[in-house]
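Remarks on the structure that follows.
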Amino acid sequence: MPMAKKAYTVIVVGPGAIGCLFGGIIREAGHEVVMLDHEPLRAEKIDRDGIRIEGISGNRTIKVRATARPVELPDSDLVIIATKSYDTEKAILDVAGAVGPNTPVLTLQNGLGNVEMISRTVGSDKTIGGITSQGATLVGPGSIIHAGTGKTVIGTPANRPTAYLEKTKAILESAGFEPQISFNLEATIWGKLIINVGINALTAILRVHNGRLLDFEGSRRIMRQAVEEAVAVCRAKNIQPAHENPLAQVEEVCRLTARNVSSMLQDVVAKRRTEIDAINGAVAWLGGGVGIDTPTNELLTLLVHAIEQSYDVRLNQ
Ligand code: PAF
């Protein structure tokens, strides 16, 4: 008789594109999934209607539990923080009561600072950091398009294998994500950051798909300058970027995700706050600390802030 597969309880904080993708697919693998959302009406809708995934992995609706009330959360085997980076602190405080002695807390969020923030609340042993290149677009509450698959890499802040890391890997693997293990988490996170530095702000400012950034001399030059600054800051902090040629890697991601609407452009189109401060803003801020000039990242940060501040201004006002 085949041995029954162990079903785990997984809490996903933040039903954005990546939260719905991981929550939905982990639920499909037979685990319990509870989505925690700070918006009660959206939580109610997801709890009632489930998560809708369309795109490369097929079209389906997956029933999950969802709540806006942290007190309703069950004890969990894994917590995934999938909020925007500016909400990480609130997210980890909200979910802390459901983090038991054997619960790893995974972040695959964009930007810098998430691992550190989670570690401060639950301890660095339980904190699992990482990146994902899965492409997903939020099209409505609990409804996403799965636009592209990509690798997911996870690791521990101490760069050592732990039972928490093994458990996280096992749960992701059981849902088909095939996570790779990094033994240099900072370099992995900087590797993804450099990609976001080169793509996200530019796509949000120009309102183009990722692939279009390679079509114009101006966007190629700004991309190169922003990436070179980020690489210089990374090296000045004694972190070896994960890719040998970071600019070539950013261009490759533009090609691989050519039809993606970047997460920052999705935010700008929906007039939401963006993650600019944890991406280009973080490079500029950290550059100041290590004596590296970052004029391009500073300007990109200011431009995206100006876009956020002028969401409701019309031409004739
Ligand atoms: O933030 C995003 O949109 C993604 O990280 C990436 C890799 C830029 C693809 O769109």
_Need pairs with beta-carbon distance below 7 Å; first residue within 23 Å of VAL283 (Cβ to Cβ) and open to solvent by 50 Å² or more (accessible area, probe 1.4 Å) and within region 298-316, second hydrophobic (A, V, I, L, M, F, W, C) and assigned to a helix (DSSP H, G or I); sequence gap 6+ or separate chains._
GLU298/ALA284; LEU303/ILE205
*Identify all residues within region 169-224 that are of a type in the set (Asp, Glu) and over 18 Å from the mean Cα position of the chain (by Cα); write none if there are none.*
GLU173, ASP215, GLU217
*Within region 200-210, can one find any residue that is away from the ligand (no atom under 13 Å from the Cβ), loosely packed, with under 15 Cβ neighbours inside 10 Å and modelled with pLDDT of 95 or more?*
yes
_Taking the condition of being in a strand (DSSP E or B) and among the aliphatic types (A, V, I, L, M), how many residues in region 97-128 meet it?_
3
*Would it be correct to say that GLY150 is of a type outside the set (A, V, I, L, M, F, W, C), within 16 Å of the ligand (Cβ to nearest atom) and touching a strand residue (DSSP E or B) at 6+ places or on another chain (Cβ under 8 Å)?*
yes
*Could you give me the residue pairs with C-beta distances under 7 Å whose first residue belongs to region 174-187 and is buried (at least 17 other Cβ atoms within 10 Å of the Cβ), whose second residue is modelled with pLDDT under 95 wherever it lies, and which are 6+ apart or on separate chains?*
ALA187/GLN240; ALA187/PRO241; ALA187/ALA242
_Show me the strands (runs of 3 or more DSSP E) entirely contained within region 37-96 in which 3 or more residues are not β-branched (Val, Ile, Thr)._
51-55
_Residue under question is THR168, and the condition is that it be crowded, with 22+ Cβ neighbours inside 10 Å, out of contact with any helix residue (DSSP H, G or I) (no Cβ under 8 Å at 6 or more places or on another chain) and assigned to a helix (DSSP H, G or I); does it hold?_
yes
*Does LEU73 qualify as being among the aliphatic types (A, V, I, L, M), open to solvent by less than 30 Å² (accessible area, probe 1.4 Å) and under 25 Å from GLY148 (Cα atoms)?*
no
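The values are calculated or read from the model by the stated rules, or taken from the named source; none is laboratory data. Computed from a predicted model, the values in this text were never measured in an experiment. Cβ atoms come from the backbone with ideal geometry, glycine included; neighbour counts cover every protein chain shown. All accessible areas refer to the heavy atoms of the entire protein, side chains included, with ligands and DNA or RNA removed. Shrake-Rupley method; radii C 1.70, N 1.55, O 1.52, S 1.80 Å.
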